[in-house]
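For reference, the structure discussed in these notes is given below.
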Amino acid sequence: MKEIRVAFYKGGKGEPWINKLTQFMTGKYIHCELVFIEPDGRNKACYVWQNETVGFRHKTFGRTEWEHRSIKVNNQVYNNMRKFCQFQADNNVPFNLYGMIRSISPWPCETSGKKWFCSQLTIAAFQHAGLFTEYIPGSITPYQLYIILKNNNSRPEASPVYKERLIKKPLSLQKLNYNTHDNEPLIKKIIPL
């Protein structure tokens, strides 16, 4: 079994109008990326942003605006999804602005594979490997994808960069003191090991 993550972006200041509209209309998340954990522990993300083509590269996801969900899949599913993502990136498939706008309407676009918006690309990668085939990719927003994963045995994960930092420099509690006024324990100090 291998782990696949989906990174969900909550947005920050200065987001484009389409991101703000998506968040207002559909929920907490405005963007998502499919993340593969490489054998060396690095993350390789499949993504598409507005005015760009599909990308497939190493990323750290160190910003606090990201949340992650992890799902275990067998090797065949993992490899099929990875090949799908690599093919989309190799062919420079463009962003699907019209499809993204329609995803928040009652009339989602048909999925042709010639253009993608983020959650459409991600669910299509899962479908390419035989998962979540009951959904229409053009109707899936990042928040809807989050709910699909949450209801299908995924689990929340810390940012990969935080996990990496903890492995390099774990934390431990040095000493526990008690507040003399209410007898509640207070952590005196957290230090690296």
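Hey, can you tell me all the residues within segment 36-58 that are among the aliphatic types (A, V, I, L, M) and crowded, with 22+ Cβ neighbours inside 10 Å? Let's see the steps before the verdict.
Initially, segment 36-58 is screened for residues among the aliphatic types (A, V, I, L, M), giving 37, 45, 48, 54.
Across segment 36-58, the qualifying residues are VAL48, VAL54.
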Problem - When residues of segment 62-80 are limited to those that are assigned to a strand (DSSP E or B), within 17 Å of PRO142 (Cβ to Cβ) and among the charged types (D, E, K, R), the one modelled with the highest pLDDT - result: ARG69
Practice task
Only residues that are modelled with pLDDT under 95 and among the β-branched types (Val, Ile, Thr): list them for segment 15-61, please.
Solution key: ILE18, THR22, THR26, ILE30, ILE37, THR60
Completion exercise
When segment 89-103 is checked residue by residue, the ones that are crowded, with 17+ Cβ neighbours inside 10 Å and within 15 Å of ASN19 (Cα to Cα) are PHE95, ASN96, GLY99, MET100, ARG102, SER103
Handout entry: Members of segment 39-71 that are on the phi > 0 side of the Ramachandran plot, of a type in the set (S, T, N, Q) and touching a His at 6+ places or on another chain (Cβ under 9 Å)
Key = none
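Can you pull out every residue in segment 109-141 that is open to solvent by 40 Å² or more (accessible area, probe 1.4 Å) and either in contact with a His (Cβ under 7 Å, 6 or more places away or on another chain) or in a loop (DSSP other than H, G, I, E, B) (or both)?
The answer is GLU110, THR111, SER112, LYS114, LYS115, GLY130, LEU131, THR133, GLU134, TYR135, ILE136.
The values are calculated or read from the model by the stated rules, or taken from the named source; none is laboratory data. Bear in mind the structure is a predicted one, so any value in this text is a computation, not a measurement. Please note: Cβ atoms are built from the backbone with ideal geometry, for glycine as well, and neighbour counts cover all protein chains shown. The protein model used for the area step is the full one, side chains on, heavy atoms only, and it has no ligands, DNA or RNA in it. Shrake-Rupley method; radii C 1.70, N 1.55, O 1.52, S 1.80 Å.
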